[in-house]
Each structure stands twice: as C-alpha cells, then as structure tokens.
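What follows is one structure encoded as structure tokens, with my remarks underneath.
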Amino acid sequence: MSGDLSLDINIKEPRWDQSTFMGRAQHFFFVTDPRNILKSSETLEDARVTVENYRLGVVKPGLTEDELWRAKYIYDSAFHPDTGEKMVVVGRMSAQVPMNMTITGCMLTFYRTTPAVVFWQWVNQSFNAVVNYSNRSGDAALTTNQLAAAYISATTGAVVTALGLKSLAKRLPAVMSRFVPFFAVAAANCINIPFMRQRELKYGIPVTDEKGNRLGESVTAAKSGIIQVVVSRIGMAVPAMAIPPVIMNALEKKAFMKRFPVLNAPVQVGLVGLCLVFATPLCCALFPQKSSMAVSSLEPDLQERIGQSSPHTTSVFFNKGL
C-alpha cells in the first residue's frame, strides 16, 4: 500500500549534507535535542513503525515529508543505528544536556574534598559508561561478564585519575584548582571510552561499501572511530567545564553570592547547561558519524578479502559511534 509521498527520499542518511560541518551540526541539534527524552513510548514506537515501513516501501496515507523526517529524528534519538534496539533513556544523546549539566555542575561545585571528588567522578563515569555502551559502534553485544569488567575498569581508572590530579591541584592557585574536574574528565574519557568499547578494539567493527554492503570487520576502523569520539567528548567538556569556573570565581567575590551561598550550585548548573546546549551538538558534528577510510589503510588480510570480493571498492564506511 503506497501513499502520496514519494518513496525516493533517502532516510538512511541525515536530512542535511554530512560532508559539511554545518550540515552535521543541523543534524545533531535535532538528535541531541533534550526534548526528545520526553517522548512517550507510544510516540517512539509510532516513529519506529513509520521509519521502518517507509524503508519497506509502505507509506501511511497522508504522511508528509516533514512528518517523515520528524519521525526519522525521533527514531534516531532513541534507537541504535546498527542494532535497532531502543537505548535506555540516560544513554541517549538527547539526555546529554540535562544529565551532564547536573553532574558537571555538581563536580564543579563540590570539588574541594576527596569524598566529594570520588563520589561525583564515580557518578560521572558511571553515566559515561552507559552512554559509551549505548552509542557504541557495531551490532555485536557484550556479555554480562564483559560489560561488568569494562564498567569496573573504566570507572576505577577514571576515578583514580581524578584523585591523582586532585592531589596535584594542592600546589596550584585557587582558580586553577577549579579546572581540576575538567582535566580529570578529559583524562577519564581517554580511559572510559576505550574500556567500554574494548570489544570493538579486539574484534573490529563492521565496514561497508558505499551502498551499505558489509565487507568485514576492522580493528583499524574501530580505533579511528574511538579516537574521534574521545576528541568530541573532550570538546564537549571544554566550554562546560572551563567557562563556568571563571565566571563563578568572579561571582563568588560579589556580596550577593556571599550573602546567598546556597545559590552557588544552581547558578553553576545553569551555566553548565547553557554551554552544553550548544557544545553537545557542535562537538558531535566535528566528525561525520558515518566515517570513511581508504581500503589501503585497513588490515592487510581485510584488504585482501575486499580486493577479492569487491575489487572496485577504494573506500569503506563505518559508524564511529557517538
């Protein structure tokens, strides 16, 4: 059954040109929109059915192109691009702003004592572990034991790093000690993301040709994707964790803030949230989610297999994750 809407719209790809930064930024402003986490299960299911039916050539009567794209972005915000599974709410990129503004705001506010540093770094890295697993590349699932080992390794390594940096901060000026949470988060991302995606580093991620035909699994592509994600995540943290400390350092000297110190945490959280609203989609857009790599850069054995099965293919494509 076909409606009036053309079946030629390519909803396998984003609506905007992903070869440009602005096109990717427009795409991620929709995917990371915090309002998406408020969508009901019924709305998500309706979007899923609309998108999957359209891919099969089935269009419900009266569906417009704008409605199709709206369904596509609701679908993209909640379902994994490779597995099609619905992600847990806090693991979705649309949850990044409300979750990170709360956690980061508290990290920047309660950074003076060791118990506070340990607690908020653990909360942050636990949240990051969920996000990193939910937005992994590839369609292979981790076993419970693998997931538990990855979580313990990621969070422990990140918290130990944060404590090490905190001990160094005792020798720094007060304003510089405010930046310790940022350096801790940046270092922790370099630990957490590879640990939570260690299966990709061991077995590789799917690579395809331009038409989406699967050509094999590549560890080299996995390494490239993970490096890009680490850079993006650190970029997200820069404005949210570097700008508010400078502002708060100035505000805390004002009589008003001294009179109402209870405002410290809410103001800090608000400043972080304002930064994250823009930093999250813009840093997700630093690299295309559908990354590419020359066949000549892949592992020799995979190059050989591709040369035999698809001799005209010069580049492969893969989902780098988020």
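Confirm whether G3 is at pLDDT below 90, in contact with a Leu (Cβ under 6 Å, 6 or more places away or on another chain), open to solvent by less than 30 Å² (accessible area, probe 1.4 Å) and on the phi < 0 side of the Ramachandran plot.
yes
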What about E217, is it in contact (Cβ under 8 Å) with a residue 12 or more places away in the chain, of a type in the set (D, E) and touching a helix residue (DSSP H, G or I) at 6+ places or on another chain (Cβ under 7 Å)? yes
Which residues, taken from segment 74-96, are assigned to a helix (DSSP H, G or I) and open to solvent by 10 Å² or more (accessible area, probe 1.4 Å)? I74, Y75, D76, V89, V90
Could you check, for segment 23-30, whether at least one of its residues is farther than 30 Å from M236 by Cα and surrounded by fewer than 17 Cβ atoms within 10 Å (Cβ to Cβ)? no
Condition test on W120, is it over 14 Å from the mean Cα position of the chain (by Cα), at pLDDT 80 or above and surrounded by fewer than 23 Cβ atoms within 10 Å (Cβ to Cβ)? no
Every pair of residues 6+ apart whose Cβ atoms lie under 6 Å, when the first sits in segment 281-302 and is over 30 Å from F30 (Cα atoms) while the second is open to solvent by less than 60 Å² (accessible area, probe 1.4 Å) and of a type in the set (D, E, K, R): none
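If you scan segment 90-115, which residues turn out to be among the small types (G, A, S) and at pLDDT 80 or above? Give the steps one after another, and end with the answer.
Step one: filter segment 90-115 for residues among the small types (G, A, S), giving 91, 94-95, 105.
The answer is G91, S94, A95.
The values are calculated or read from the model by the stated rules, or taken from the named source; none is laboratory data. Given the structure is predicted, the values throughout are model-derived calculations rather than measurements. Every residue, glycine among them, receives a Cβ derived from its backbone with ideal geometry; neighbour counts consider all protein chains shown. Ligands, DNA and RNA are stripped out before the accessible areas are found, and what is left, the full protein with its side chains, is counted by its heavy atoms. Shrake-Rupley method; radii C 1.70, N 1.55, O 1.52, S 1.80 Å.
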